[in-house]
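A short worksheet on the structure shown next.
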Amino acid sequence: MTDGPVDDAAVLDALFAGSPQGLFLLDGDRKVTRYNPSARGVRALPAEAVLGHYVEDFAPDLGTHEIGRLIDEVLTTGEPLRDRLVRGRSPSEPNRTLAVRVSLFPLRSGPGLVGVVEDVTERQAAADRLAVLSTVHRTVGATLDVQATADALVAALVPAFTDAAAVDLLDDDPAGAAPPSGPLPTS
C-alpha cells in the first residue's frame, strides 16, 4: 500500500504495459494515438502500422464496418458501449478468424475514446458448439418419423456447424440381419 496519492500516469502506463486485453486510445478523428501490443490481432504488427491510423487501416477484415459504426456512435452520443461481439479475420494472422468483445468508453477530458478488446475466440467457439448441440438435442428425435428426424439433423447442423450434410438411411434387412459395416455399396 502507498502512503500518498497514486500518479495517474503510472497507473495508465501499468495498464497499457500489463493488460492482457487490447487497449486502444483513439482521438476525436478516430485515429489510434496509443495502444498496447498484447492484443492478439495486433501483436505481430509494427507500431507504425497502428499508431496514427484508423482501425479500418490495420484491421480491414475484423468487422471494421461494425467497429467503425460503434466508434462513431460513442463519439456522437458520449455514451459508453460495453461487450459487443465482433467476428472477423485477425489483422496479423489473416488465416485466423477471431471473435472479440469490444467495449468503448468516451474520454471525459476531450474528444476521443478508449477501446478495450478482449479475444474470446475459444470461448465463443465452445458456445457456438454448445448451441448446435442444444439445437440437435431439442429438434432431433422429437418424432418417430425417420424422414423428419433426418431433416431436423441436417437443419441443426447446416450452416451453424458445417456447410453441407447428408443422412444416409439404410433399409432393414428383411431377415433381421444387421447392415454390413464400412462403406455402403452404390447399389
For Ser103, state whether it is among the polar types (S, T, N, Q), surrounded by 14 or more Cβ atoms within 10 Å (Cβ to Cβ) and in contact with a helix residue (DSSP H, G or I) (Cβ under 8 Å, 6 or more places away or on another chain).
-> no
Quick one: would you say Gly115 is under 19 Å from Ile71 (Cβ atoms), loosely packed, with under 13 Cβ neighbours inside 10 Å and either more than 11 Å from the chain's Cα centre (by Cα) or basic (Lys, Arg) (or both)?
-> no
Yes/no for Arg89 being modelled with pLDDT under 85, out of contact with any helix residue (DSSP H, G or I) (no Cβ under 8 Å at 6 or more places or on another chain) and surrounded by 12 or more Cβ atoms within 10 Å (Cβ to Cβ) | no
Of the residues in the stretch 140-187, those that are surrounded by 10 or more Cβ atoms within 10 Å (Cβ to Cβ) and modelled with pLDDT of 75 or more number 23
Give me a count of the residues in the stretch 74-128 that are of a type in the set (Asp, Glu) and assigned to a loop (DSSP other than H, G, I, E, B).
-> 2
Please work out if Leu45 is buried (at least 16 other Cβ atoms within 10 Å of the Cβ) and either under 22 Å from Gly110 (Cα atoms) or small (Gly, Ala, Ser) (or both).
-> no
Of residues in the stretch 13-52 being assigned to a helix (DSSP H, G or I) and under 21 Å from Ala99 (Cα atoms), the one modelled with the lowest pLDDT = Arg40
Considering every residue within the stretch 53-69, establish whether at least one is surrounded by fewer than 20 Cβ atoms within 10 Å (Cβ to Cβ) and on the phi > 0 side of the Ramachandran plot.
-> no
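The values are calculated or read from the model by the stated rules, or taken from the named source; none is laboratory data. In this text, all values refer to a predicted model and were calculated from it rather than measured experimentally. Here the Cβ is made from the backbone with ideal geometry for all residues, glycine too, and neighbour counts use every protein chain on show.
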